[in-house]
Amino acid sequence: MSEAQARARHQERVEELCAAAIRALSGETDLHFRGRRLHRGRRALPLFAPHLHPSLETDDFGSFRGAADGMALRLTHSDAALHRRLCPSDPVERLMFDLLEQIRVEALVSSAMPGAVHNLRHRFEAWSLAFHRSGLTETLRGILLYTVAQVCRSRVTGETVIEETEDLLETTRGKLAPMIGHDLAGLRRHRADQAAYSVHTLAIAKVIGEMIDATEELGAEQRDSDKERAAFSLMMEAEGDLNEHFATAVSGRSRVLEDSDDGYRIFTTVYDRQVNAADLVRKGLLKDFRERLDRRIAGQGINVARLARELRLLLGVPARDGWDGGQEEGTIDGRRLAQLVASPTERRLFRTEHVEPTADCLVSFLIDCSGSMKEYVESVAMLVDVLARALEQAGVASEILGFTTQTWNGGRARRDWIRAGRPLHPGRLNEVCNMVFKNADTSWRRARPQIAALLKGDLFREGIDGEAVDWACARMRARTEERRLLIVISDGSPMDGATNLANDTHYLDHHLREVVLRQEQTGGIELYGLGVGLDLSPYYSRSHVLDLAESTSNQIFREIIGMIERRGRR
């Protein structure tokens, strides 16, 4: 496992624990972290305040607990609508307004929760010292913002300022006292009343904004640049490390799709097709691909039997499977009563029900066969081949599906659009090709040659992800299994050049988000996004990043199992 992968997994574990703590304290059940941001359902929540975003590189777990407690208090004690309505537009004033509101809610923590009090203090101190030691307090703007944060928190919570920087604050605190002294007293007095408290926070924020404006005589353009930099330097902990190890999929809104009365459009389906992947590859070449794939799997040393046992325990449900006789306790076994006469000391006269996990389950793998995935095709093929084999041993049905286009840049669909006079916003403008590498009714042994068709690189063109997810879900809903899991494996956002040029840049990825949300709300299918070196959390609420550049060993399979386990716990 690579170092980046290990850090990502540790981050996931810490975020799980923090999300659980936030849910417990706030009473909200739909809170979770995605892309290292706290979300309510599918909506990212505001960053709230700079000290609520610790880094694994520099902070201990206590800091993460303190940040979690702070977020929970913000959700519990702050009226978000009122805060948005009163929030100033100036960047520095807005930052101070957010920070002072966070200080208010942290001051409301109950004395019956000493652990939370300690966590909050610990986190604020850690952030403050990091800010100071980074050299930001050596600038006029930095020391001003730092002093306000320290003095206001001390006044509202009743705690002392940080000893290490206490002397550093004296000069700036003395200058601030006549300007904000009255409002500082108001903060303490009205900390239980958000509206009354906001009167004083707005006044303090305005004074600080004016002081930063007056720190230097600069040209307007440079002053605005410095002002933004000063304001958001406090946010470095919040933004700087969110996506350091793995990139996050780029997603945006499509005006064309939002403004369309009939939603997502498809210009023509005449050229679309669904094929068995093996039909696209010569038999001789398919045999070579299978031998190549077998050599790769053998070289990885994967314990398929152990993987099958873990999958059976994970996906199975307890079911009665006969009786175990000859037990010393349980239900009396009438067939053994004669032994009691022959041997009065005999105790093994009982039987117990034998319970085995039985999996009434279907797992489908939907593989993005776009051009950029060719780099990882052998690792992905090995991954799904081993999983299909292990799932079969565990008694779980599996499908392996793929999606691509039949051509680049629109092909015949685009030519038909041009002949039609290029009508505005035609929707999807390419020829979809959905491929079946293994269907649910075919055994792994019979499907082995077809799975190897994944190694044929010229199948990989462009990707219409949203339609592919709908197609895979429709296949799954036609099955009778009680539990259904769809695992989408992709390394990027949906992409088709012809469609994007004729509509707008985010037409396809906006549609993918709509499809995933609709399928999740419909229920009956659990959707997971496996990002190949990419964080797919903008699309899938349950996602994980795989680092296939290193290897595809037993560790990768444990990560996938862990992703499904986390869903079960949630």
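The values are calculated or read from the model by the stated rules, or taken from the named source; none is laboratory data. Keep in mind the model is a prediction, meaning the values are calculated, not measured. Quick reminder, even Gly has a Cβ in these numbers, built from the backbone with ideal geometry, and neighbours come from all protein chains shown. Side chains included, ligands, DNA and RNA excluded: accessible areas come from the protein's heavy atoms. Shrake-Rupley method; radii C 1.70, N 1.55, O 1.52, S 1.80 Å.
Within region 428-451, the set of residues being in a helix (DSSP H, G or I) and either open to solvent by less than 10 Å² (accessible area, probe 1.4 Å) or over 26 Å from V281 (Cα atoms) (or both) comprises A447, I451. T160 satisfies every condition listed in (1) touching a helix residue (DSSP H, G or I) at 6+ places or on another chain (Cβ under 7 Å); (2) in contact (Cβ under 8 Å) with a residue 40 or more places away in the chain; (3) among the hydroxyl-bearing types (S, T, Y) except (2).
Answer yes or no: is there a residue in region 190-205 that is at pLDDT 50 or above and basic (K, R). There is at least one residue in region 190-205 that is at pLDDT 50 or above and basic (K, R).
Evaluation of A67 against the conditions (1) out of contact with any Lys or Arg (no Cβ under 6 Å at 6 or more places or on another chain); (2) farther than 20 Å from V148 by Cβ shows that the sole unmet condition is (1).
Conditions tested, residue by residue: (1) surrounded by 17 or more Cβ atoms within 10 Å (Cβ to Cβ); (2) farther than 19 Å from C152 by Cβ.
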{"site": "M71", "(1), (2)": "yes, yes"}
{"site": "M96", "(1), (2)": "yes, no"}
{"site": "L99", "(1), (2)": "yes, no"}
{"site": "A112", "(1), (2)": "no, yes"}
{"site": "V117", "(1), (2)": "yes, no"}
{"site": "R123", "(1), (2)": "yes, no"}
{"site": "A126", "(1), (2)": "yes, no"}
{"site": "H132", "(1), (2)": "yes, no"}
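Looking for whichever is open to solvent by 60 Å² or more (accessible area, probe 1.4 Å) and closer than 27 Å to D504 by Cβ here; the options are D279, D259. Which one fits? Only one candidate qualifies: D259. A residue that is in contact with a Ser or Thr (Cβ under 7 Å, 6 or more places away or on another chain) and open to solvent by less than 30 Å² (accessible area, probe 1.4 Å) occurs nowhere in region 560-569.
As a summary of the residue check, H425 satisfies the conditions (1) surrounded by fewer than 23 Cβ atoms within 10 Å (Cβ to Cβ); (2) over 19 Å from V275 (Cβ atoms); (3) within 31 Å of the chain's Cα centre (by Cα) except for the one numbered (3). The condition (being within 14 Å of T137 (Cβ to Cβ) and outside any helix (DSSP H, G or I)) is satisfied by just one residue among V151, V161: V161. If you go through region 375-415 and keep only what is part of a helix (DSSP H, G or I), under 22 Å from W471 (Cβ atoms) and of a type in the set (D, E, K, R), you end up with D385, R412, R414.
The residues listed here are T522, T499; of these, the one that is β-branched (V, I, T) and either open to solvent by 10 Å² or more (accessible area, probe 1.4 Å) or touching a Cys at 6+ places or on another chain (Cβ under 7 Å) (or both) is T522. Just checking, does region 493-503 include any residue being under 30 Å from D441 (Cα atoms) and either under 14 Å from the mean Cα position of the chain (by Cα) or not acidic (D, E) (or both)? Within region 493-503 (the criterion being under 30 Å from D441 (Cα atoms) and either under 14 Å from the mean Cα position of the chain (by Cα) or not acidic (D, E) (or both)), the answer is yes, since at least one residue qualifies. Could you give every pair whose Cβ atoms fall below 6 Å, whose first residue belongs to region 544-562 and is over 14 Å from H10 (Cβ atoms) and among the aromatic types (F, W, Y), and whose second residue is modelled with pLDDT of 85 or more and assigned to a helix (DSSP H, G or I), counting only separations of at least 6 or pairs across chains? Pairs that qualify, where the first residue is over 14 Å from H10 (Cβ atoms) and among the aromatic types (F, W, Y) and the partner is modelled with pLDDT of 85 or more and assigned to a helix (DSSP H, G or I), are F557/L307. Go through the residues of region 97-106 one by one and say whether even a single one is more than 18 Å from L52 (Cα to Cα), among the acidic types (D, E) and either part of a helix (DSSP H, G or I) or touching a residue at least 60 places away in the same chain (Cβ under 8 Å) (or both). No: zero hits. Among the residues making up region 47-90, those that are under 19 Å from the mean Cα position of the chain (by Cα) and among the aliphatic types (A, V, I, L, M) are L47, L52, L56, A67, A68, M71.
Per-residue answers, yes or no, for (1) among the aromatic types (F, W, Y); (2) at pLDDT below 80; (3) buried (at least 18 other Cβ atoms within 10 Å of the Cβ); (4) assigned to a loop (DSSP other than H, G, I, E, B):
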site: R7; (1), (2), (3), (4): no, yes, no, no
site: H10; (1), (2), (3), (4): no, yes, no, no
site: E16; (1), (2), (3), (4): no, no, no, no
site: A20; (1), (2), (3), (4): no, no, no, no
site: F48; (1), (2), (3), (4): yes, no, yes, yes
site: H51; (1), (2), (3), (4): no, no, yes, no
site: T58; (1), (2), (3), (4): no, no, no, yes
site: F64; (1), (2), (3), (4): yes, no, yes, no
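Filtering L454, L512, L517, L508 for residues that are under 30 Å from N409 (Cβ atoms), open to solvent by 10 Å² or more (accessible area, probe 1.4 Å), among the aliphatic types (A, V, I, L, M) and in a helix (DSSP H, G or I) leaves a single hit, L517. Taking region 163-193 as the range and being open to solvent by less than 20 Å² (accessible area, probe 1.4 Å) and in contact with a helix residue (DSSP H, G or I) (Cβ under 6 Å, 6 or more places away or on another chain) as the test, the residues that pass are T165, L169, I180, L184, G186, L187. For T358, the requirement of being modelled with pLDDT of 70 or more, over 26 Å from R558 (Cβ atoms) and out of contact with any Pro (no Cβ under 6 Å at 6 or more places or on another chain) is not met.
If the condition is being open to solvent by 10 Å² or more (accessible area, probe 1.4 Å) and on the phi > 0 side of the Ramachandran plot, then region 361-410 contributes G395, N409.
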